[in-house]
Amino acid sequence: MTNQHNPSKNYRTFVLILLTLVYSFNFIDRQIVGILAPFIQKDLDLTNTQMGLLTGLLFAALYTVVAIPIAWLADRYNRVNILSIALATWSGFTALFGLAGNFMQIGLARMGVGIGEAGGSPASHSIISDLYSKEERAGALGVYSMGIPLGVMAAYFVTASLVGSSGEEVDWRRIFVILGVTGIGLAVVVKLVLREPVRGAMEFDSTANVVQPPFMESLVTLLKIPSWWWMCFGIAFGSFVSYSFSAWQTKYLLLLNPDYNFQTLLIILGIINGTTYAGGTFLGARLADKWGAKNIRVYGWLPAVAISLCLPIGIASFWVPSIDAHLILTTLFLLFMGMYLGPSFAIAQTLAPINQRAMSTALFFFILNFVALGGGPTITGWMIDLFKESNADLESTRYALTVTCLMFVPSVISFLVVARVLPKDWAAAEKRNLELAKGGE
């Protein structure tokens, strides 16, 4: 047995694995809409712009707004309760998504999924930061962020197991209902087995409560940290491309070669995401922890270099002549795309005062999802319809995704600014948290 103040290593590992599993469900629900987009689009007679809204703006709209008040609650109340309720909520709306009969109904269900998912990461990030010290935090959050590639991989595998090789008859509704019911079951497990950790436990030994500041004070404090801001912009612009890539890749590949075995394609994409993307995420977090101990600027340099490599690889992947060549480039693309997640999550948590970590994650995800999730798939879908006026479907999709990749440029610039200003902000955060810790004693 362990206690709340001194959790054992085995318990910490168990919690991290369970939270990563919850996060993977988050991305199963997101990714599977992109995978099944051609079939949802055909069944409900949706335009590319409407499909882009489903995968982007309609989901992100309430997600970004609701995340902040939920994070305010998570900085004050039981985070395990908040996480389990959030998981049950988004899973329930995932099931309803599979029962929708028109664009209005499916749009409302998608917005409901966004409301639920808004409560996931702020609570999880805050819990992890109270179980792992700042020296271990990038690694732990890197493991947590592996929920993204693992969730994406699972989405491909689940779909592959329920469709035929041609992909002509796909019961997309059944897939969403099964996922929703499974997620509700996982929410019950989270509530029953997780214990709420002591807030700020890794920064000080006292058992006293940390004083929680008013909402506006939390907001102003975070907005005054330059490297926190630039990190948010860096990951937001990078993820703009990543989310668009995920949302439209299946459609692009079906246009590139309609005769390619659809089931095999899904399995290959699942393996790539579960190995190279997950590997990149893990490697990026480990390198940040190792090299960052010698030079803190690495937390900005590493994402800048990785995303710089993604730019030419991403563009080239949409102009090669075959699906096989595209998949080879996608493998490299996802390896480098994963590298910025761990360092970025670590910056968001370490720079935040210990009593504002859930709020830090919520604001971070507000910017990330408003720009990337709300804008990426939606704007790319709109561009596909725009280019379609004078081009065939394949060419219009290629042009739209090529233009989308240019968003990597402001991402690289943002992370280079992070590398420049981070040492000062990191030192200030250590001093601020030490003062908070002494105030709680």
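Some points to look at:
- Some residue of the range 44-53 being more than 17 Å from F176 (Cβ to Cβ), surrounded by fewer than 22 Cβ atoms within 10 Å (Cβ to Cβ) and hydroxyl-bearing (S, T, Y): yes
- Every listed requirement among (1) assigned to a helix (DSSP H, G or I); (2) out of contact with any Leu (no Cβ under 7 Å at 6 or more places or on another chain); (3) surrounded by fewer than 21 Cβ atoms within 10 Å (Cβ to Cβ) is met by L255 save one, (2).
- Only one of S206, S244, S218 that is surrounded by 15 or more Cβ atoms within 10 Å (Cβ to Cβ), modelled with pLDDT of 90 or more and not aliphatic (A, V, I, L, M): S244
- Each residue in the range 361-380 was checked for being more than 13 Å from F240 (Cβ to Cβ), crowded, with 24+ Cβ neighbours inside 10 Å and at pLDDT 75 or above, and 3 pass.
- Test: residue in the range 378-386 that is within 25 Å of V305 (Cα to Cα), aromatic (F, W, Y) and touching a residue at least 60 places away in the same chain (Cβ under 8 Å): no
- G338, sole failed condition from (1) part of a helix (DSSP H, G or I); (2) closer than 20 Å to T221 by Cβ; (3) among the small types (G, A, S): (2)
- Of all residues in the range 113-144, those satisfying the criterion of being surrounded by 24 or more Cβ atoms within 10 Å (Cβ to Cβ) and polar (S, T, N, Q) are S121, S124, S126, S129.
- Helices (runs of 4 or more DSSP H) (entirely within the range 4-66) containing at least 1 residues that are of a type in the set (K, R): 9-35, 37-44
- Of all the residues in the range 396-411, those that are surrounded by 20 or more Cβ atoms within 10 Å (Cβ to Cβ) and either free of Cβ contacts under 8 Å to residues at least 40 places away in the same chain or in a helix (DSSP H, G or I) (or both) number 9.
- Residue in the range 273-296 that is aliphatic (A, V, I, L, M), crowded, with 19+ Cβ neighbours inside 10 Å and in contact with a Lys or Arg (Cβ under 9 Å, 6 or more places away or on another chain) present: no
- Any hit, the range 261-282, residues being over 21 Å from the mean Cα position of the chain (by Cα), modelled with pLDDT under 90 and not in a helix (DSSP H, G or I): yes
- Residues in the range 283-332 that are part of a loop (DSSP other than H, G, I, E, B) and in contact (Cβ under 8 Å) with a residue 12 or more places away in the chain: A293, I296, R297, F318, W319, S322.
- When S308 is tested against the conditions (1) crowded, with 18+ Cβ neighbours inside 10 Å; (2) over 24 Å from Y144 (Cβ atoms); (3) not aliphatic (A, V, I, L, M), the lone failure is (1).
The values are calculated or read from the model by the stated rules, or taken from the named source; none is laboratory data. Nothing here was measured: the structure is a model prediction, and the numbers come from that model. Heads up, the Cβs are rebuilt from the backbone with ideal geometry, glycines too, and the neighbour counts pull from every protein chain shown.
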